[in-house]
Amino acid sequence: MTGKRILLIVGGGIAAYKSLDLVRRLRERGLNVRVVLTEAGAQFVTPLSLASLSGQEVHQELFSLTAEARMGHIELSRDADLVVIAPATADLLAKAAHGHANDLASTLLLATDKRVLAAPSMNLRMWLHPATQRNVATLRGDGMIFVGPGDGAMACGEFGPGRMSEPLEIVAAVEAALAGDTVIPLPMAQPPVLAGLRVIVTSGPTHEPIDPVRYIANRSSGKQGHAIAQAAANAGASVVLVSGPVSVPDPAGVQTVHVETARQMLEAVEAALPADIFIGAAAVADWRVGAALVEKLKKGASGPPTLGLVENPDILATVASHARRPRLVVGFAAETEKVIDHAQAKLARKKCDLIVANDVSPATGVMGGDANTVHLVSKGGVETWPTLPKAEVAQRLIAELAALMGEGGA
Ligand code: PMT
C-alpha cells in the first residue's frame, strides 16, 4: 500500500474535523494524500490544517489558473489510485449521482477513472430520505463503494444513522479498496463489439401469485441482469431486456419489457426472438401455485393451506432447444453448494453454450448486492473471475461473448 495515492475530497459537514485525523492515519500507513476541500467544507476545517497534515497544497477552485497551469482537473482526478469522499454529504452524493460538474469536487468525481469510496455523513432524515437512498443506490450501481454511515448521536441532537465512520474504519475500507482493481473501465470506451447483433437478456425475479395479495418470489434485485443488458447496449447491440419486478431503473438505450411471472417471461422472450445471443440472468421461480386463488386466502380452522405447486416452464432450456435458437445461449447458475458441479450439470441438461455460475449463499451478498464472483463454465473448462462490481462482470461477459461470436461458437 505504501506510496499509493489517495485523492481525499472533504465535504461540508461537521464530521470534516474527523477528516483531519483521517489524513494523519492514511499518511501513517505510507499513503500519499492530496486533498480537495469544497467551499462548504472550508466552513468547517481550514485549508491550512489540511495542507499541514497532508504535506501538500490543498485544491479548492475549479477555475484556478495556477492549478490549471500545473495540474488540470482531469489530471488531478486521474493521478490517484483511489478517490475518497469524507465526509460525503447529501449534496455531494446527489451531484455525483446526477453527473453534475459545477465545482471542483463534482467535476473530479465525474472525470475520474478510479474507484470512489464514500463515507457519508448527514442528518438521519437526510440519510433516510428516499432521494438520498435513490442516489446511493445509483452510485452503488455505478461502482461507488460505501463505508458507513454508523448509528449514533448527531451534532444536531438527533439519534440514528448518518454519523460518518471513524477514521480507522475508513482506513480499513481504503485498504480493502486498494487491494482490488481500482481502475474503472469507461463504459463509453467499450468497443462496439456487438454492433449489428440482437441480444435478449432476462433479469430479476419472477413473482408467482398465491392469491391476489400474496406471491412466491426470491431475492434477485435485477442488478446483474440489468448491468448485462446495459453493457450489451453499450457494445452496440440492439437489446431486449425482459425483466421481472425490480426497483432498479431500466437501462438506457434498451427495450425493456416488464413481466411478473415465469410464464409471462417466457412469452416475452419468445416474442423477442429471433436473436443472436440469449442471456438468462433472471432468477425464474421453478414452481408456481397450480391454482392461484381469485380471492384472498383466509386463515381457517383447518390449519395452514396446501399450496399445490406445479413446475414452471424452463425459459433457458426452451430457448436453447428452440427452432429459432440464438447462436449463443448463456445461462446462469445460482448455487449455494457444489457451485461448479451443479453448473456443469445445468450446462448439459439445459443445452446451453455457457453457464455463469455464482454462489448465492447469504454470506456472499451476491443476491441484491453490488458485486459478484463468477465462474464461466463451458465444455472447454472453468474460468474463475475475481470479485468485481456487477457492471464490470457485465462488461467482461459481453467482451467474452463477442469473442465467442467471432470464433463462431462457445
Ligand atoms: O439480481 P441480482 O440481485 O443482481 O442477483 C443476480 C443473480 C444471483 C440472480 C444472477 O447472477 C443469477 O444467478 N441468476 C440466475 C438465477 C437462477 O434462477 O439460477 P438457477 O440456477 O435457478 O437457474 C439456472 C438458469 O436457468 C438461469 O439462467 C435461469 O434464468 C434459468 N431458468 C431457471 C428456471 C426456469 N424456470 N427458467 C429458467 O430459464
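The values are calculated or read from the model by the stated rules, or taken from the named source; none is laboratory data. These numbers come from a predicted model, not from an experiment. Cβ: placed from backbone, ideal geometry, glycine included. Neighbour counts: every protein chain shown.
In the range 1-52, what count of residues is obtained for those that are outside any helix (DSSP H, G or I) and in contact (Cβ under 8 Å) with a residue 40 or more places away in the chain? Steps first, answer last, please.
First pass over the range 1-52, keeping only residues outside any helix (DSSP H, G or I): 1-15, 29-40, 44-46.
From the residues that got through so far, the ones that are in contact (Cβ under 8 Å) with a residue 40 or more places away in the chain too are 1, 4-15, 29, 31, 34, 36, 38-40.
The number of residues fulfilling the criteria is 20.
Quick one: which of A320, A292 is within 11 Å of the ligand (Cβ to nearest atom) and more than 29 Å from G143 (Cα to Cα)? Only one candidate qualifies: A320. Checked against (1) in a strand (DSSP E or B); (2) at pLDDT below 95, A118 passes all but a single condition, namely (2). Checking A283, A217 one by one, the residue that is in contact (Cβ under 8 Å) with a residue 12 or more places away in the chain, more than 10 Å from the ligand (Cβ to nearest atom) and under 23 Å from V366 (Cβ atoms) is A217 and no other.
What is the residue count in the range 254-280 for residues that are within 14 Å of G222 (Cβ to Cβ), aliphatic (A, V, I, L, M) and more than 14 Å from the ligand (Cβ to nearest atom)? Lay out the reasoning, then the answer.
Going through the range 254-280, the residues within 14 Å of G222 (Cβ to Cβ) turn out to be 254, 256-260, 265, 279-280.
Still in the running and aliphatic (A, V, I, L, M): 254, 257, 259, 265, 279.
Still in the running and more than 14 Å from the ligand (Cβ to nearest atom): 254, 257.
Looking only at that region, the number is 2.
For A235, the criteria (1) within 12 Å of the ligand (Cβ to nearest atom); (2) touching a residue at least 60 places away in the same chain (Cβ under 8 Å); (3) of a type in the set (G, A, S) hold in every case but one, which is (1). For V242, the criteria (1) away from the ligand (no atom under 14 Å from the Cβ); (2) under 23 Å from the mean Cα position of the chain (by Cα); (3) among the hydrophobic types (A, V, I, L, M, F, W, C) hold in every case but one, which is (1).
Has the range 184-197 got any residue that is away from the ligand (no atom under 15 Å from the Cβ), assigned to a helix (DSSP H, G or I) and free of Cβ contacts under 8 Å to residues at least 12 places away in the same chain? Yes, there is a match, as at least one residue in the range 184-197 is away from the ligand (no atom under 15 Å from the Cβ), assigned to a helix (DSSP H, G or I) and free of Cβ contacts under 8 Å to residues at least 12 places away in the same chain.
Every condition in (1) out of contact with any Asp or Glu (no Cβ under 7 Å at 6 or more places or on another chain); (2) closer than 21 Å to L194 by Cα holds for T256 except the one numbered (1). Would you confirm whether or not the range 188-196 contains a residue that is more than 30 Å from A317 (Cβ to Cβ), modelled with pLDDT of 90 or more and either surrounded by fewer than 18 Cβ atoms within 10 Å (Cβ to Cβ) or in contact with a Lys or Arg (Cβ under 6 Å, 6 or more places away or on another chain) (or both)? Within the range 188-196, not a single residue is more than 30 Å from A317 (Cβ to Cβ), modelled with pLDDT of 90 or more and either surrounded by fewer than 18 Cβ atoms within 10 Å (Cβ to Cβ) or in contact with a Lys or Arg (Cβ under 6 Å, 6 or more places away or on another chain) (or both).
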